[in-house]
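Student: What follows is a structure written as C-alpha coordinates; I'll ask about it next.
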Amino acid sequence: MTPRKSDLSDPDLVQALAAGDVDAVRVLYARYGRLAYSLAVRILGDPGRAEEVVQDAFVRVWRRAASFDAGRGSLRTWLLTVVRNRAVDYLRGTAREWDELELLGEVRAEGEGSDPWREVSQSLERAAVRDALAVLPLEQRQAVELAYFGGYSQQEISRMVNVPLGTIKSRTRLALEKLCSYLQGRGLIDGR
Amino acid sequence: MAGEHEELENAILGLALGSAEPEDRPRLLAHLQACSSCRELVGRLGTVTAVLPLEPDPVEPPARLRERVLAAVAASGPAPAAPPRHRQPLALPLPRALRVPLPGRRLAQAAAALLVFAIGVGAGAAAVRGGPLAPPAPVPSQVERFALRGTGSMAGVQGSAVYLRRDGLTLVDLKDMPPAPAGRVYELWLISDGGRAVPAGVFLPDAGGSKIVLVTRDLAGSRELAVTVEPGPDGSSQPTQQPQLSGRIA
(Lines give C-alpha, C1' and ligand atoms only; values in the text may rest on other atoms or scores of the structure.)
Protein backbone atom coordinates (compact mmCIF):
# COMPACT_ATOMS: atom_id res chain seq x y z
CA MET A 1 0.00 0.00 0.00
CA THR A 2 1.36 3.43 -0.90
CA PRO A 3 1.78 5.58 2.22
CA ARG A 4 -0.11 8.86 2.41
CA LYS A 5 2.04 11.91 1.75
CA SER A 6 1.44 13.14 5.27
CA ASP A 7 2.94 9.91 6.59
CA LEU A 8 6.21 10.33 4.72
CA SER A 9 9.33 10.58 6.81
CA ASP A 10 11.35 13.75 6.39
CA PRO A 11 13.99 12.04 4.17
CA ASP A 12 11.22 10.71 1.93
CA LEU A 13 9.62 14.13 1.91
CA VAL A 14 12.88 15.61 0.63
CA GLN A 15 12.85 13.08 -2.20
CA ALA A 16 9.30 14.04 -3.08
CA LEU A 17 10.26 17.72 -3.10
CA ALA A 18 13.29 17.01 -5.25
CA ALA A 19 11.06 15.10 -7.65
CA GLY A 20 8.91 18.20 -8.13
CA ASP A 21 5.90 16.99 -6.16
CA VAL A 22 3.95 20.11 -5.15
CA ASP A 23 1.92 18.04 -2.66
CA ALA A 24 5.13 17.55 -0.70
CA VAL A 25 5.21 21.32 -0.11
CA ARG A 26 1.78 21.08 1.49
CA VAL A 27 3.05 18.39 3.83
CA LEU A 28 6.22 20.34 4.57
CA TYR A 29 4.15 23.40 5.40
CA ALA A 30 1.72 21.45 7.57
CA ARG A 31 4.65 19.95 9.43
CA TYR A 32 6.87 22.96 9.93
CA GLY A 33 4.97 26.06 8.79
CA ARG A 34 4.13 27.14 12.32
CA LEU A 35 7.68 26.62 13.57
CA ALA A 36 9.01 28.59 10.62
CA TYR A 37 6.56 31.44 11.14
CA SER A 38 7.18 31.55 14.90
CA LEU A 39 10.92 31.82 14.30
CA ALA A 40 10.48 34.57 11.73
CA VAL A 41 8.20 36.54 14.06
CA ARG A 42 10.68 36.09 16.91
CA ILE A 43 13.50 37.57 14.82
CA LEU A 44 11.57 40.28 13.00
CA GLY A 45 8.79 41.19 15.42
CA ASP A 46 6.66 41.93 12.36
CA PRO A 47 4.03 39.43 11.19
CA GLY A 48 3.91 40.88 7.65
CA ARG A 49 7.64 40.56 7.10
CA ALA A 50 7.56 37.14 8.75
CA GLU A 51 5.15 35.97 6.06
CA GLU A 52 7.54 37.20 3.37
CA VAL A 53 10.41 35.35 4.96
CA VAL A 54 8.50 32.10 5.34
CA GLN A 55 7.37 32.30 1.73
CA ASP A 56 10.95 32.85 0.56
CA ALA A 57 12.25 30.02 2.72
CA PHE A 58 9.80 27.46 1.38
CA VAL A 59 10.57 28.50 -2.19
CA ARG A 60 14.28 28.14 -1.51
CA VAL A 61 13.88 24.69 0.01
CA TRP A 62 11.69 23.67 -2.93
CA ARG A 63 14.25 24.92 -5.43
CA ARG A 64 17.20 23.33 -3.67
CA ALA A 65 15.70 20.07 -2.44
CA ALA A 66 17.67 18.04 -4.96
CA SER A 67 20.91 19.31 -3.40
CA PHE A 68 19.91 18.25 0.09
CA ASP A 69 21.42 15.06 1.46
CA ALA A 70 19.03 13.70 4.06
CA GLY A 71 21.80 11.44 5.34
CA ARG A 72 23.80 14.46 6.43
CA GLY A 73 21.23 16.54 8.24
CA SER A 74 17.64 17.11 9.14
CA LEU A 75 15.06 18.71 6.86
CA ARG A 76 13.67 20.67 9.78
CA THR A 77 17.08 22.08 10.67
CA TRP A 78 17.67 23.07 7.08
CA LEU A 79 14.32 24.79 6.67
CA LEU A 80 14.62 26.67 9.95
CA THR A 81 18.18 27.71 9.12
CA VAL A 82 16.94 29.15 5.84
CA VAL A 83 14.18 31.02 7.71
CA ARG A 84 16.64 32.33 10.26
CA ASN A 85 19.13 33.53 7.65
CA ARG A 86 16.49 35.20 5.51
CA ALA A 87 14.92 36.88 8.55
CA VAL A 88 18.30 38.21 9.65
CA ASP A 89 18.83 39.56 6.14
CA TYR A 90 15.50 41.38 6.36
CA LEU A 91 16.27 42.67 9.81
CA ARG A 92 19.61 44.03 8.76
CA GLY A 93 18.75 45.07 5.22
CA THR A 94 21.32 42.76 3.68
CA ALA A 95 21.19 40.00 1.07
CA ARG A 96 24.07 37.73 1.88
CA GLU A 97 24.92 34.62 -0.09
CA TRP A 98 24.06 32.02 2.53
CA ASP A 99 24.72 28.38 1.90
CA GLU A 100 22.67 26.64 4.55
CA LEU A 101 23.75 23.23 3.27
CA GLU A 102 27.39 24.10 3.88
CA LEU A 103 27.50 23.29 7.58
CA LEU A 104 24.45 21.14 7.82
CA GLY A 105 26.44 17.95 8.17
CA GLU A 106 28.10 19.47 11.18
CA VAL A 107 24.98 20.68 12.94
CA ARG A 108 22.48 17.91 12.64
CA ALA A 109 19.99 17.51 15.42
CA GLU A 110 16.88 15.45 15.23
CA GLY A 111 13.53 15.94 16.81
CA GLU A 112 11.13 14.51 14.31
CA GLY A 113 9.20 11.47 15.37
CA SER A 114 5.87 10.55 13.90
CA ASP A 115 3.00 12.97 13.35
CA PRO A 116 0.98 12.22 16.52
CA TRP A 117 4.01 12.98 18.64
CA ARG A 118 5.41 15.88 16.67
CA GLU A 119 3.51 18.61 18.52
CA VAL A 120 4.25 17.08 21.90
CA SER A 121 7.85 16.58 20.98
CA GLN A 122 8.25 20.14 19.74
CA SER A 123 6.73 21.47 22.93
CA LEU A 124 9.15 19.44 25.06
CA GLU A 125 12.05 20.52 22.91
CA ARG A 126 11.06 24.16 23.25
CA ALA A 127 10.89 23.83 27.03
CA ALA A 128 14.32 22.20 27.12
CA VAL A 129 15.90 24.93 24.97
CA ARG A 130 14.34 27.64 27.12
CA ASP A 131 15.48 25.99 30.32
CA ALA A 132 18.97 25.68 28.91
CA LEU A 133 19.10 29.36 27.96
CA ALA A 134 17.60 30.39 31.29
CA VAL A 135 20.41 28.85 33.31
CA LEU A 136 23.10 30.77 31.42
CA PRO A 137 24.55 33.90 32.99
CA LEU A 138 22.89 36.93 31.42
CA GLU A 139 25.95 38.07 29.45
CA GLN A 140 26.45 34.63 27.91
CA ARG A 141 22.83 34.36 26.97
CA GLN A 142 23.00 37.82 25.45
CA ALA A 143 26.04 36.87 23.35
CA VAL A 144 24.26 33.84 21.89
CA GLU A 145 20.93 35.58 21.33
CA LEU A 146 22.44 38.62 19.64
CA ALA A 147 24.43 36.35 17.36
CA TYR A 148 21.69 33.88 16.49
CA PHE A 149 18.49 35.89 16.61
CA GLY A 150 20.05 39.23 15.69
CA GLY A 151 22.67 38.04 13.22
CA TYR A 152 25.30 40.27 14.81
CA SER A 153 28.94 39.29 14.42
CA GLN A 154 31.14 38.94 17.45
CA GLN A 155 32.82 42.20 16.45
CA GLU A 156 29.48 44.00 16.34
CA ILE A 157 28.38 42.56 19.68
CA SER A 158 31.66 43.67 21.18
CA ARG A 159 31.04 47.24 20.06
CA MET A 160 27.38 47.11 21.05
CA VAL A 161 27.92 46.02 24.64
CA ASN A 162 31.30 47.76 24.94
CA VAL A 163 33.24 44.66 25.90
CA PRO A 164 36.52 43.45 24.31
CA LEU A 165 36.14 41.14 21.33
CA GLY A 166 38.07 38.36 23.04
CA THR A 167 35.62 38.43 25.94
CA ILE A 168 32.65 38.13 23.58
CA LYS A 169 34.28 35.15 21.86
CA SER A 170 34.92 33.47 25.21
CA ARG A 171 31.36 34.16 26.36
CA THR A 172 29.95 32.69 23.17
CA ARG A 173 32.03 29.57 23.47
CA LEU A 174 31.26 29.10 27.15
CA ALA A 175 27.56 29.60 26.45
CA LEU A 176 27.57 27.02 23.66
CA GLU A 177 29.53 24.55 25.81
CA LYS A 178 26.98 24.89 28.61
CA LEU A 179 23.99 24.70 26.29
CA CYS A 180 25.44 21.65 24.61
CA SER A 181 26.07 19.91 27.88
CA TYR A 182 22.62 20.76 29.25
CA LEU A 183 20.79 19.70 26.09
CA GLN A 184 22.76 16.47 25.86
CA GLY A 185 21.74 15.76 29.43
CA ARG A 186 18.10 16.27 28.45
CA GLY A 187 18.59 13.99 25.46
CA LEU A 188 17.72 16.70 22.97
CA ILE A 189 20.97 16.50 21.04
CA ASP A 190 23.39 13.68 20.45
CA GLY A 191 26.32 13.22 22.79
CA ARG A 192 29.46 12.82 20.72
CA MET B 1 50.38 29.50 17.35
CA ALA B 2 48.16 28.08 20.08
CA GLY B 3 46.68 31.54 20.63
CA GLU B 4 46.05 31.94 16.91
CA HIS B 5 44.28 28.61 16.77
CA GLU B 6 42.17 29.44 19.77
CA GLU B 7 41.17 32.69 18.10
CA LEU B 8 40.13 30.76 14.99
CA GLU B 9 38.23 28.21 17.06
CA ASN B 10 36.19 30.92 18.72
CA ALA B 11 35.60 32.71 15.43
CA ILE B 12 34.43 29.45 13.88
CA LEU B 13 31.65 29.34 16.45
CA GLY B 14 30.38 32.55 14.86
CA LEU B 15 30.24 30.58 11.64
CA ALA B 16 28.14 27.88 13.29
CA LEU B 17 25.84 30.56 14.72
CA GLY B 18 25.44 32.13 11.27
CA SER B 19 26.96 35.38 12.47
CA ALA B 20 30.50 35.37 11.06
CA GLU B 21 31.56 38.48 9.18
CA PRO B 22 31.02 37.76 5.46
CA GLU B 23 34.64 38.61 4.68
CA ASP B 24 35.83 36.07 7.30
CA ARG B 25 33.76 33.18 5.99
CA PRO B 26 36.16 31.94 3.27
CA ARG B 27 39.09 31.91 5.70
CA LEU B 28 37.06 30.15 8.39
CA LEU B 29 35.63 27.58 6.01
CA ALA B 30 39.10 26.84 4.64
CA HIS B 31 40.38 26.36 8.17
CA LEU B 32 37.43 24.17 9.05
CA GLN B 33 38.19 21.94 6.10
CA ALA B 34 41.82 21.54 7.13
CA CYS B 35 41.46 21.28 10.92
CA SER B 36 39.94 18.16 12.42
CA SER B 37 39.75 19.58 15.96
CA CYS B 38 37.72 22.57 14.71
CA ARG B 39 35.44 20.23 12.77
CA GLU B 40 34.91 18.26 15.95
CA LEU B 41 34.20 21.49 17.83
CA VAL B 42 31.63 22.72 15.29
CA GLY B 43 30.16 19.23 15.11
CA ARG B 44 29.71 19.22 18.88
CA LEU B 45 28.68 22.79 19.66
CA GLY B 46 27.01 23.41 16.31
CA THR B 47 24.24 21.02 17.28
CA VAL B 48 23.05 23.72 19.67
CA THR B 49 22.35 26.05 16.76
CA ALA B 50 20.11 23.39 15.26
CA VAL B 51 17.77 23.57 18.25
CA LEU B 52 17.88 27.31 19.00
CA PRO B 53 15.11 27.95 16.42
CA LEU B 54 12.79 25.96 18.67
CA GLU B 55 12.99 28.60 21.43
CA PRO B 56 10.39 31.12 20.23
CA ASP B 57 6.81 31.16 21.48
CA PRO B 58 4.61 29.33 18.99
CA VAL B 59 2.68 31.78 16.83
CA GLU B 60 -0.12 30.50 14.61
CA PRO B 61 0.46 31.75 11.05
CA PRO B 62 -2.48 33.35 9.23
CA ALA B 63 -4.41 30.90 7.06
CA ARG B 64 -3.46 32.84 3.92
CA LEU B 65 0.23 32.08 4.41
CA ARG B 66 -0.18 28.47 3.34
CA GLU B 67 -1.83 29.51 0.09
CA ARG B 68 0.73 32.20 -0.42
CA VAL B 69 3.58 29.69 -0.01
CA LEU B 70 1.95 27.26 -2.44
CA ALA B 71 1.36 30.01 -4.98
CA ALA B 72 4.97 31.20 -4.74
CA VAL B 73 6.27 27.64 -5.10
CA ALA B 74 4.08 27.11 -8.16
CA ALA B 75 5.21 30.38 -9.67
CA SER B 76 8.86 29.53 -9.10
CA GLY B 77 8.56 26.60 -11.49
CA PRO B 78 9.62 23.00 -11.04
CA ALA B 79 12.48 22.21 -8.67
CA PRO B 80 15.67 22.01 -10.74
CA ALA B 81 18.15 19.17 -11.08
CA ALA B 82 16.26 16.40 -9.35
CA PRO B 83 18.23 13.13 -9.50
CA PRO B 84 16.75 10.97 -12.29
CA ARG B 85 15.89 8.10 -9.93
CA HIS B 86 13.59 10.37 -7.97
CA ARG B 87 11.79 11.92 -10.88
CA GLN B 88 8.05 11.64 -10.88
CA PRO B 89 5.36 13.41 -12.83
CA LEU B 90 4.50 16.77 -11.35
CA ALA B 91 1.42 16.44 -9.16
CA LEU B 92 -1.60 18.62 -9.77
CA PRO B 93 -3.01 19.31 -6.31
CA LEU B 94 -5.93 21.46 -7.36
CA PRO B 95 -9.10 20.01 -5.83
CA ARG B 96 -7.94 20.10 -2.21
CA ALA B 97 -7.04 23.77 -2.40
CA LEU B 98 -10.51 24.54 -3.71
CA ARG B 99 -12.17 22.94 -0.71
CA VAL B 100 -10.72 25.17 1.98
CA PRO B 101 -13.31 27.28 3.81
CA LEU B 102 -13.58 31.03 3.73
CA PRO B 103 -11.81 33.39 4.34
CA GLY B 104 -8.88 31.47 2.85
CA ARG B 105 -10.97 30.34 -0.08
CA ARG B 106 -10.26 33.27 -2.33
CA LEU B 107 -6.53 32.89 -1.91
CA ALA B 108 -6.78 29.14 -2.26
CA GLN B 109 -8.59 29.53 -5.53
CA ALA B 110 -6.00 32.00 -6.69
CA ALA B 111 -3.24 29.60 -5.71
CA ALA B 112 -4.94 26.83 -7.62
CA ALA B 113 -5.37 29.03 -10.67
CA LEU B 114 -1.73 30.05 -10.42
CA LEU B 115 -0.72 26.41 -10.20
CA VAL B 116 -2.61 25.75 -13.40
CA PHE B 117 -1.08 28.78 -15.00
CA ALA B 118 2.46 28.07 -13.85
CA ILE B 119 2.25 24.47 -14.91
CA GLY B 120 0.72 25.54 -18.19
CA VAL B 121 3.57 27.94 -18.83
CA GLY B 122 6.07 25.24 -17.89
CA ALA B 123 4.43 22.50 -19.90
CA GLY B 124 7.18 22.51 -22.50
CA ALA B 125 9.82 22.03 -19.86
CA ALA B 126 7.74 19.37 -18.17
CA ALA B 127 7.43 17.50 -21.43
CA VAL B 128 11.21 17.49 -21.73
CA ARG B 129 11.36 15.98 -18.24
CA GLY B 130 8.99 13.24 -19.31
CA GLY B 131 6.03 14.34 -17.21
CA PRO B 132 2.68 13.36 -18.73
CA LEU B 133 1.14 16.79 -18.24
CA ALA B 134 -1.83 18.01 -20.19
CA PRO B 135 -3.06 20.92 -18.08
CA PRO B 136 -6.05 22.94 -19.03
CA ALA B 137 -5.12 26.27 -20.57
CA PRO B 138 -5.95 29.30 -18.41
CA VAL B 139 -8.83 31.43 -19.48
CA PRO B 140 -7.18 34.47 -21.08
CA SER B 141 -9.67 36.97 -19.77
CA GLN B 142 -9.06 35.87 -16.18
CA VAL B 143 -5.32 35.35 -16.15
CA GLU B 144 -3.12 37.97 -17.72
CA ARG B 145 0.60 38.16 -17.93
CA PHE B 146 2.75 41.17 -18.59
CA ALA B 147 6.42 42.08 -18.44
CA LEU B 148 8.30 44.63 -16.39
CA ARG B 149 11.23 46.38 -18.03
CA GLY B 150 14.14 48.05 -16.29
CA THR B 151 16.35 50.98 -17.07
CA GLY B 152 19.56 52.31 -15.51
CA SER B 153 20.80 50.05 -12.72
CA MET B 154 17.81 47.79 -13.31
CA ALA B 155 18.32 47.39 -17.03
CA GLY B 156 19.23 43.71 -16.59
CA VAL B 157 16.24 42.82 -14.45
CA GLN B 158 13.84 40.21 -15.78
CA GLY B 159 10.38 40.89 -14.47
CA SER B 160 7.04 39.29 -15.21
CA ALA B 161 3.67 39.46 -13.55
CA VAL B 162 0.66 37.18 -13.50
CA TYR B 163 -2.59 38.99 -12.80
CA LEU B 164 -5.63 36.98 -11.71
CA ARG B 165 -8.34 39.40 -12.63
CA ARG B 166 -11.17 37.46 -11.03
CA ASP B 167 -9.33 37.08 -7.72
CA GLY B 168 -7.71 40.49 -7.68
CA LEU B 169 -4.29 38.97 -7.02
CA THR B 170 -0.97 39.39 -8.81
CA LEU B 171 2.31 37.52 -8.56
CA VAL B 172 5.32 39.54 -9.61
CA ASP B 173 8.37 37.42 -10.42
CA LEU B 174 11.66 39.33 -10.50
CA LYS B 175 15.08 37.98 -11.40
CA ASP B 176 18.57 39.50 -11.62
CA MET B 177 17.68 42.39 -9.33
CA PRO B 178 20.69 44.32 -8.05
CA PRO B 179 20.95 44.35 -4.23
CA ALA B 180 19.17 47.29 -2.64
CA PRO B 181 21.59 49.92 -1.30
CA ALA B 182 22.34 49.65 2.44
CA GLY B 183 19.38 50.73 4.54
CA ARG B 184 17.05 50.86 1.53
CA VAL B 185 14.34 48.54 0.25
CA TYR B 186 12.53 48.08 -3.01
CA GLU B 187 8.95 49.24 -3.06
CA LEU B 188 6.28 48.18 -5.51
CA TRP B 189 3.67 50.70 -6.68
CA LEU B 190 0.41 50.57 -8.54
CA ILE B 191 0.09 53.63 -10.74
CA SER B 192 -3.51 54.58 -11.37
CA ASP B 193 -4.94 55.92 -14.62
CA GLY B 194 -4.79 59.36 -13.03
CA GLY B 195 -1.08 58.97 -12.22
CA ARG B 196 -1.54 58.36 -8.49
CA ALA B 197 0.94 55.93 -6.89
CA VAL B 198 -0.44 53.41 -4.39
CA PRO B 199 2.09 51.40 -2.34
CA ALA B 200 1.83 47.65 -2.91
CA GLY B 201 4.58 46.28 -0.67
CA VAL B 202 8.27 46.48 0.11
CA PHE B 203 10.74 43.68 -0.53
CA LEU B 204 14.36 42.69 -0.75
CA PRO B 205 15.57 40.20 -3.36
CA ASP B 206 17.48 37.14 -2.20
CA ALA B 207 21.23 36.85 -2.65
CA GLY B 208 20.70 35.59 -6.20
CA GLY B 209 18.68 38.69 -7.05
CA SER B 210 15.34 36.87 -7.21
CA LYS B 211 12.05 37.68 -5.56
CA ILE B 212 8.42 36.72 -5.98
CA VAL B 213 6.06 39.37 -4.63
CA LEU B 214 2.39 38.64 -4.05
CA VAL B 215 0.24 41.73 -4.56
CA THR B 216 -3.09 41.33 -2.81
CA ARG B 217 -4.42 44.69 -4.00
CA ASP B 218 -6.56 44.55 -7.13
CA LEU B 219 -4.98 46.03 -10.24
CA ALA B 220 -8.34 47.22 -11.52
CA GLY B 221 -8.05 50.94 -12.19
CA SER B 222 -4.25 50.80 -12.39
CA ARG B 223 -2.33 51.19 -15.60
CA GLU B 224 1.20 50.40 -14.46
CA LEU B 225 3.26 48.45 -11.92
CA ALA B 226 6.47 50.18 -10.90
CA VAL B 227 9.39 49.60 -8.54
CA THR B 228 11.50 52.24 -6.81
CA VAL B 229 14.21 52.21 -4.16
CA GLU B 230 12.97 53.69 -0.88
CA PRO B 231 14.24 54.12 2.68
CA GLY B 232 14.11 50.86 4.67
CA PRO B 233 12.72 49.05 6.35
CA ASP B 234 9.19 50.35 5.77
CA GLY B 235 9.46 52.15 2.45
CA SER B 236 7.60 55.37 1.67
CA SER B 237 4.00 56.42 1.36
CA GLN B 238 4.82 58.06 -1.98
CA PRO B 239 7.67 57.32 -4.42
CA THR B 240 10.75 59.44 -3.80
CA GLN B 241 12.27 58.77 -7.22
CA GLN B 242 11.40 57.91 -10.78
CA PRO B 243 10.87 54.16 -11.20
CA GLN B 244 13.66 52.27 -12.94
CA LEU B 245 11.50 49.20 -13.35
CA SER B 246 7.93 49.20 -14.55
CA GLY B 247 5.38 47.36 -16.63
CA ARG B 248 2.18 48.38 -18.31
CA ILE B 249 -0.75 46.36 -17.05
CA ALA B 250 -2.33 44.46 -19.89
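The values are calculated or read from the model by the stated rules, or taken from the named source; none is laboratory data. What you are looking at is a predicted structure, and each value in this text was computed from that prediction instead of being measured. Positions of Cβ are generated from backbone atoms using ideal geometry, with glycine treated the same way; all protein chains shown enter the neighbour counts. Side chains included, ligands, DNA and RNA excluded: accessible areas come from the protein's heavy atoms. Shrake-Rupley method; radii C 1.70, N 1.55, O 1.52, S 1.80 Å.
Student: Interface size between chain A and chain B, please: total buried accessible area, 1.4 Å probe, rounded to the nearest 100 Å².
Tutor: 7300 Å²
Student: Computed from the mean reciprocal separation of all distinct C-alpha pairs, what Kirkwood hydrodynamic radius does the stretch B:203-245 have, in Å?
Tutor: 12.3 Å
Student: Let me ask something else about it. How big is D, in µm² s⁻¹, for the stretch B:1-74 by Stokes-Einstein at 4 °C and 1.567 mPa s if Rh is the Kirkwood radius over C-alpha pairs?
Tutor: Translational diffusion coefficient: 87 µm²/s.
Student: Let me ask you something else. For A:Lys178, give me every one of the lysines with a C-alpha distance below 23 angstrom, ignoring sequence neighbours fewer than eight places off in its own chain.
Tutor: The qualifying lysines are A:Lys169.
Student: Taking each pair of distinct Cα atoms in the stretch B:144-230 once, what is the resulting Kirkwood hydrodynamic radius in Å?
Tutor: After inverting the mean inverse Cα-Cα distance, the result is 13.2 Å.
Student: Specify the inter-centroid distance of the stretch B:30-49 and the stretch B:153-200, based on alpha-carbon positions, in whole Å.
Tutor: When both Cα centres are located, 42 Å separates them.
Student: Please give the FRET efficiency for B:Ala182 paired with B:Arg27, using the beta carbon to beta carbon distance and R0 = 30 Å, rounded to the nearest 0.05.
Tutor: Computed FRET efficiency for B:Ala182 and B:Arg27: 0.80.
Student: Okay, moving on. Enumerate the lysines that B:Lys211 could reach by cross-link, defined here as Cα to Cα under 23 Å, with residues fewer than 8 away along the same chain left out.
Tutor: Excluding near neighbours in sequence, the set is B:Lys175.
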